[in-house]
Every structure is written in structure tokens, then in C-alpha cells.
Ligand SMILES: [Zn+2]
């Protein structure tokens, strides 16, 4: 079984977790001033990289906490998990979406 | 002012005769009171306990003191256990001890049912539905955590080498009880 490292509980079985979609999506401060197209983009459009992907995960059958994870969509390897609010750890080279897991 | 708990509690589940016949004891705990307590570190201000319930334990640990226990289930979440008759006094004492600091305190005595699962191979019986590594070095005595058992959410605590407590929601109790009994059949000799 795949183990996921919860930042609070350590390595735990994947069935205790649930994925909450792409991470680091900030809600626009002034939605009323946005075009419909930009608003739709915020609501519905997500990246779908082949390689490293930053995702929100929740340890719902554990500590109940949300956290972020860098996961490789090719190998399903969890490269790193980190607390909510922390910047994406590989922010420096995040543009290379096909980066292989270390 | 705290409202006094007037609800009467009826047993959610009765002990099964078959469970006490085998080497593994599976029985619902009776008379156990439970409080769900949540507070941020800032509100706790570094204190070691709140009205006698420890809040200084590591995440996923269980500390007990006489007939009370404190299970730390997350960074800001605890399950306090005390005799059912002491619940109202405990709630008042915790409210006084927190002295207006932000916290949440809910009596969940009636929400949950706790089973004792004890005896040789009790870990294997729980592993029939729980994916955690229950070897002593990974899940030592004094560990407590929310996890899964079959399709049910449970809180699992190890109080002895071969002595576990499985706490689940009341409506899930017949399912958890049944799965535990089924798993224990492998060791019925
Ligand atoms: Zn966790």
C-alpha cells in the first residue's frame, strides 16, 4: 500500500487520505471586477501536468488536517508534503512541469 | 453557563456471547464518558494540562492518569476520557481552566462506542480491517490515532501490548463489532 507522509502524523496508509485538487490557487480579491472568462478560468481551469503536481490533500481518517503535496503524476510518487500556507518547495523550477521525481 | 446534560443513555450494543468464549476479548466499554476538546497552541499558552487532562502529549499519543485519559488526535484536537458520571463536572472544570481562551468542548459520550479488544493476536484481529503497522516499534503502548477499520472511521488506542481500545460512532458500532468478531474467529482455537 502507498504510504503518504502527513506533516503531522508521519507515514500513513493512503486510504486514510483524500485528495482535494490542485494547490496554490488563490481566490481573486475582487471577483466583481473580473471578466467572465477570467472568473471561469479561476473556477474551472486547472493544470494537468505530466510530472510534478502540487495538490491539496487531507488526512481525514487521521489528524483531519489539510496539507499540500508534490506528487509525480507519472510515477504516483509523493516527492514532498508540506504544511498549508508554505510556498511550493520547488517554486524555483516549477515551470518545468515534466520534471522527473528525484 | 453550561447546560446540564439531561439525556439518558441506552446501551448502543450488547456484548456478544461468542466473543467472550474465545481467547480474544471483544466487549463494549460501559460507563465511559468522552469529551472532544479543541484548542490552538496560543489558547493553551504552553500549559501541560487542562483541568487534569494532559494536553502536552505528542500527536497520536495517549496519556492516562487513573480513570481519566487524554488522546491527542491532531495538532489541536484531543479526546478526553473520564467516568461517565464525572462528565458534567469535567466540562465545568475545563471551562473554568480555559478562562475565556478560545476553545471547543463537546460531550461526545453518546456519539461514540468504545470496544475493548484484548488478548494474544488482538493486533491481528484489528489488522483484519486496519491498514496501520501495529508492530510494537511502530505503534507502541500509549499510541492513539484516528484511522480506519474496514469501511468505518475509528479511534484506535493501544493501552497494553495485547490490549486495544477501538472507538467508533454509535451507528457504526454494529458493523465494527461484527467485523471484529468475524476476524477473531480465526483465533477461536
Ligand atoms: Zn495526519
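The values are calculated or read from the model by the stated rules, or taken from the named source; none is laboratory data. The model shown is predicted, which means the values in this text are computed figures rather than measured ones. Note: ideal-geometry Cβ built from the backbone for every residue, glycine included; neighbour counts use all protein chains shown.
I need the full set of residues from the range A:16-37 which are away from the ligand (no atom under 16 Å from the Cβ) and closer than 28 Å to residue A:72 by Cα, in order please.
Pass one, the range A:16-37, residues away from the ligand (no atom under 16 Å from the Cβ): A:21-37.
Of everything in the range A:16-37, those that are away from the ligand (no atom under 16 Å from the Cβ) and closer than 28 Å to residue A:72 by Cα turn out to be A:21, A:22, A:23, A:24, A:25, A:26, A:27, A:28.
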Return yes or no: is residue B:102 more than 16 Å from the ligand (Cβ to nearest atom) and either in contact with a helix residue (DSSP H, G or I) (Cβ under 9 Å, 6 or more places away or on another chain) or within 14 Å of another protein chain (Cβ to nearest Cβ) (or both)?
yes
If the Cβ limit is 8 Å and pairs must be 6+ apart or interchain, which residue in the range A:1-24 that is closer than 12 Å to residue A:68 by Cα and more than 10 Å from chain B (Cβ to nearest Cβ) pairs with which residue that is in a loop (DSSP other than H, G, I, E, B) and more than 14 Å from the ligand (Cβ to nearest atom)?
A:21/A:46; A:22/A:46; A:22/A:47; A:23/A:88; A:24/A:88
Looking at (1) free of Cβ contacts under 8 Å to residues at least 60 places away in the same chain; (2) in a helix (DSSP H, G or I); (3) more than 14 Å from every other protein chain (Cβ to nearest Cβ), find the lone condition where residue B:136 falls short.
(2)
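Rundown of residues vs (1) crowded, with 17+ Cβ neighbours inside 10 Å; (2) without any contact (Cβ under 8 Å) to a residue 24 or more places away in the chain; (3) under 23 Å from residue A:13 (Cβ atoms), yes/no style:
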position	(1), (2), (3)
B:68	yes, yes, no
B:79	yes, no, yes
B:90	yes, no, no
B:112	yes, no, yes
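Pick out, from the range B:1-99, the strands (runs of 3 or more DSSP E) lying fully within it that include 1 or more residues that are at pLDDT 95 or above and touching a helix residue (DSSP H, G or I) at 6+ places or on another chain (Cβ under 7 Å).
Details: elements: B:25-28, B:32-38, B:61-65, B:68-74, B:77-83.
Hits in the range B:1-99: B:32-38, B:77-83.
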Please indicate, with yes or no, whether at least one residue in the range A:72-87 is within 16 Å of the ligand (Cβ to nearest atom), touching a strand residue (DSSP E or B) at 6+ places or on another chain (Cβ under 7 Å) and within 14 Å of chain B (Cβ to nearest Cβ).
yes
Which one of these is under 30 Å from residue B:149 (Cβ atoms) and more than 14 Å from chain B (Cβ to nearest Cβ): A:68, A:60?
A:68
